[in-house]
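Q: I'd like to ask you about the structure that follows.
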Amino acid sequence: MTLVYQNTFVGLLTAIYWDFHYNADLIISEKDHQPQLLEQVHVVTPDEELASKLAHRILSRFGQETFEKIYSAFLSESSQSAMAIKHFLAHARGQVNLIIEQNRRDISGTQIIRDYAHSSVYPLLNLARMVEREGHLMLGLIRFNKLKSGIYYAKYDSTYDVLQVLSAHFTQRLSDQSWVIHDLKRQRAAFYNLETCWISDLDGTEMIIEEQDDFRDYWKTYCQHISIEARRNLKRQQHFIPRKYWHHLPEINR
Amino acid sequence: MALKRNTNWSMLIENACSLIGVALKQDKRCHMLIEDKIAILANGAKYDVSCSSSGSKRSAKAGHLGNAVAPGICHSWSEDGRCISLLKILMSNDCIYNCAYCVNKASETVERTSLMPDEMVRLTIEFYRRNYIEGLFLSSAVVVSPDETMARMIHVVKKLRLEERFNGYIHMKGIPGCDIKLIEEAGRYVDRLSLNLEIPNERRLLLLAPEKSYDSILKPMHYIAERVQEQKSLTYRGRAESQFVPAGQTSQMMVGVGGDSDLLLMGQAERLYDKLKMKRVYYSAYVPIYQNHALLPNHVISPLVREHRLYQTDFLMRFYGFKVNELLDESVPNLDLSLDPKAFWAIRHLEHFPVELMSASLETLLRVPGIGPLSAKRILESRRQGSLSLDGLKRIGVVMKSAQYFMTLRGKSVQKLLIEPEYLRRLLIQQEPKLHGAIDGQVSLLETHGNLVMRV
């Protein structure tokens, strides 16, 4: 059978919870689900209580790192993420039983997530890694521009959902300026008003930024002149900044 | 946007600098447009290749701007493929020294300018607010004297920290020959402080840079090393802000200025790591900009490939537990340009192989070509949980194309260990086809081989 969940983390966790009873062949988000003939479909209603029960169980048995990987896998918005989590949890429960049976002192539940070689762990780690990698890259790539009101505004297009990582980072770093970080693709934004940070929906139209910004021009000049001509290697530059990010970077002029 | 000079402001600087006890002389060449100054001064700073913003963890403070994260963040990449994470700029390029290899040397006809402290601070802060940079990398030509130059740079750094309450990353260059008191003063405000050794051979340094001396460079380096070590031994070190140079010290050496074997360079690097506990040593390939110079080579063989191999050797020393005398000695003073240094070592020491992955120690695993520190750690973890298989090795990230000749898994080998070193060497070279075409004297051929991957 197929379990279909609403495209939220609570929805995903609820589906995983129910899967303990159903043991479905496929757990998939409603956005990826394509109905097949003769398919038994069960739509899961998100239940906060069940989701938090599962979350606490994961945290207490397998630790913070495991939970973070599971959340990152969800943020990858991949159609495989739910199944990867399901397989990992099944494997992890088996491992914990093994630890208890054999009275193993050298491994613990929190380390199961680090077993890169295992076919049930690797898919989850892979999804999480893609999200973490883009999150770290975006920390450096997003560029703030000033709006007429003086608020700093940054917009970006990313493959995975990294808005939370960005907002947590900039709440710490730019704590004395008001800013908005706009995820154009997902039509959401993080807002910071010198006191708190919150995330809410914002439609995909970009805000109007100040046309003239001396420091943006200085930045372009700087990037041009910091390069050593004899070592020019555009392929290498593109390896580090894939083309999909170029649109919002003022210093890349191609 | 041209900034006019203002007499009140000049007096402010004089007052500020009297704290350090050095008088600030007025610089006449400051009426240029900021944009042009940035172009000239960034151009002058670009050969200082250190780019990292890592090593210092500054937590955000109320009422201050910024923080610093331990791993550092890359904000952009320039057209030469290098990371941009700091505003790397000279305070002034008006140098009184005449080092043969330097673009800013006194006898060079290049436009001279300086950035005023106010301009420097404004640039740093505004770039930081727009998330262009992690912080500032401040260097300078030697203006008037080493002490004078250091005082001016310290003035900028103090302005950033104390007036603007800037809590981001600052890397400052020390000027060889300056008073140790100025090193101490600078160290209280910056995250990283470094001096460049430049030439690994003292005699050659005296020839190429007669105003410098090994002593003038090493004395401040030793002081920084001692202070950083002394701090490490305290049980409570407090926050990064109250530490002396929390991100440690680095240095740079030029590669290919003539008369330097890889053995000499790496020997010098090893001494810097062991005796001075450097965080990093950087290697900058000398690209011949001057032809028919009395002291400098006209032509350097594959400078960028050689630089890449030196970086790989540097990583072998820092992360794989190798000593320089294992990789290079009098009979083999230079690295093989076509092979990575670890494979180069492995071929000459086949008695260590094959390595059985299920029972090898971490140190032994690190010696296998194709296995790096991350893969080695993961092998240990997966081995403990009992799931190591050939497919598993691929998932872990082991470069099987190289490792297959040197390992066994539960007694079974993927490829038999070939006892013919020359044949093995040719097989391993095939794993790096992109590099192969670039190994000759021409720098421009580097365009044919995209990115140089740091794998040994």
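The values are calculated or read from the model by the stated rules, or taken from the named source; none is laboratory data. What you see is a predicted model; the values in this text were computed from it and never measured. All Cβ positions, even for glycine, are placed from backbone atoms using ideal geometry, and neighbour counts span all protein chains on display. Accessible surface areas use protein heavy atoms only, side chains included; no ligands, DNA or RNA. Shrake-Rupley method; radii C 1.70, N 1.55, O 1.52, S 1.80 Å.
Q: Based on alpha-carbon centroids, what's the gap between segment B:316-368 and segment B:159-224 in Å, whole number please?
A: Cα centroid to Cα centroid, the span is 34 Å.
Q: Okay, moving on. In peptide B:384-397, how many Cβ atoms from other protein chains are near each Cβ within 10 Å, on average?
A: Per residue, the number of nearby Cβ atoms from other chains is 5 on average.
Q: Then there's this: For the protein assembly as shown, divide the Cα radius of gyration by the Kirkwood radius and give the resulting Rg/Rh value with two decimals.
A: With Rg and the Kirkwood Rh in hand, the quotient comes to 0.99.
Q: A further question follows. Report, in whole Å, the centroid distance computed from the Cα atoms of segment A:169-188 and segment A:68-147.
A: 26
Q: Give me Rg/Rg_expected for segment A:154-254, where Rg uses Cα atoms only and Rg_expected = 2.2 N^0.38 Å with N residues.
A: Taking N as the residue count of segment A:154-254, the ratio is 1.25.
Q: Using alpha carbons only, how many degrees (0 to 90, rounded to 10) separate the axis of helix A:81-102 from the longest principal axis of chain A?
A: It is inclined by approximately 50 degrees.
Q: To the nearest 100 Å², how much accessible surface do chains A and B hide from each other in total, with a 1.4 Å probe?
A: 6000
Q: Tabulate in residue order the Karplus-calculated ³J(HN,Hα) for segment B:205-211, using 6.51 cos²θ - 1.76 cosθ + 1.60 with θ = phi - 60°, rounded to whole Hz; enter x for Gly and Pro.
A: 4, 5, 5, 7, 10, x, 7
Q: For segment A:73-196, state the average projected area of the convex hull of the C-alpha atoms over all orientations, rounded to one decimal in nm².
A: Computed as one quarter of the Cα hull surface, the answer is 9.9 nm².
Q: By what distance, in whole Å, do the Cα atoms of segment A:35-137 stretch along each of the three principal axes, largest value first?
A: Largest first, segment A:35-137 extends 48, 37, 28 Å along its Cα principal axes.
Q: Further question on the same structure: Viscosity 1.306 mPa s, temperature 10 °C: Stokes-Einstein D of segment B:236-352 from its Kirkwood Cα radius, in µm² per second?
A: The calculation lands on 100 µm²/s.
Q: Given chain B reduced to its alpha-carbon atoms as identical point scatterers, what log10 I(q)/I(0) does the Debye formula return at q = 0.06, 0.09, 0.14 Å⁻¹?
A: -0.30, -0.66, -1.37
Q: Would you mind checking B:181/B:275; A:146/B:105; A:148/B:37 for any pair whose Cα atoms are more than 32 angstrom apart?
A: Long pairs (Cα-Cα over 32 Å): A:146/B:105.
Q: Explain nothing, just the number: relative contact order of chain B, from Cα pairs under 8 Å at least 6 residues apart, as a whole percent.
A: With pairs under 8 Å counted, the relative contact order is 11 percent.
Q: Need one number: nm distance between label points at residue B:298 and residue A:248, each 7 Å from Cα along Cα→Cβ, rounded to one decimal.
A: About 5.2 nm, to one decimal.
Q: Hey, which lysines would be in cross-link range of residue A:244, C-alpha to C-alpha under 18 Å, not counting anything within fewer than 8 residues on its own chain?
A: Partners found: A:155, A:185, A:235.
Q: Relative to 2.2 N^0.38 Å, what does the C-alpha radius of gyration of segment B:240-294 come to as a ratio? Two decimals please.
A: So the Cα radius of gyration is 1.50 times the expected 2.2 N^0.38 Å.
Q: Each residue of segment A:8-21 in order: what ³J(HN,Hα) in whole Hz does its phi give by Karplus 6.51 cos²θ - 1.76 cosθ + 1.60, θ = phi - 60°, with x for Gly and Pro?
A: Whole-Hz 3J(HN,Hα) from phi for segment A:8-21: 9, 5, 4, x, 4, 5, 4, 4, 4, 4, 5, 4, 4, 8.
Q: Something else: Just the accessible area per residue of segment A:98-254, please: how many Å² with a 1.4 Å probe?
A: Roughly 48 Å² per residue, with all protein chains present.
Q: Farthest toward the dipole's positive end in chain B, which of B:144, B:156, B:406, given Cβ charges of +1 (Lys, Arg) and -1 (Asp, Glu) about the Cα centre?
A: B:406
Q: Over the Cα atoms of segment A:95-158, what radius of gyration and what Dmax do you get, in Å?
A: 20.8, 66
Q: Under a straight-distance cross-link criterion of Cα-Cα below 20 Å, which aspartates and glutamates are reachable from residue B:212, leaving out those fewer than 8 residues away in the same chain?
A: B:48, B:94, B:108, B:147, B:148, B:179, B:198, B:202, B:260
Q: If ligands, DNA and RNA are left out, what is the accessible area of residue B:289 with a 1.4 Å probe, given in Å² to the nearest 10?
A: My reading of the accessible area for residue B:289 is about 90 Å².
Q: Right, here's the next one. Could you pull out every one of the lysines with an alpha carbon less than 24 Å from that of residue B:412, ignoring same-chain neighbours closer than 8 positions?
A: Output for residue B:412: B:342, B:377, B:394, B:401.
Q: Short version: ³J(HN,Hα) in whole Hz for each residue of segment A:132-148, in order, from phi by Karplus 6.51 cos²θ - 1.76 cosθ + 1.60 (θ = phi - 60°), x for Gly and Pro, what are they?
A: Each residue's phi maps through the Karplus curve to give 4, 5, 5, x, 5, 4, 5, 4, x, 7, 6, 10, 8, 10, 8, 8, 4 Hz.
Q: Further question on the same structure: What size of dipole, in debye to the nearest 20, comes out for segment B:303-410 about its Cα centre when the only charges are +1 on Lys and Arg C-beta atoms and -1 on Asp and Glu C-beta atoms?
A: Approximately 500 debye in magnitude.
Q: Take B:152, B:395, A:173 and sort them by solvent-accessible surface of the protein heavy atoms, 1.4 Å probe, largest at the top.
A: Descending accessible area places them as B:395, B:152, A:173.
Q: Where the convex hull is taken over the Cα atoms of chain A, what is its projected area averaged over directions, in nm²?
A: 18.8
Q: Here's a follow-up. When N counts the residues of segment B:92-185, how does its alpha-carbon radius of gyration compare numerically with 2.2 N^0.38 Å, as a ratio?
A: 1.14
Q: Additional query: Can you send over the solvent-accessible area of residue B:80, 1.4 Å probe, protein chains only, in Å² to the nearest 10?
A: Its heavy atoms expose roughly 10 Å² to the probe.
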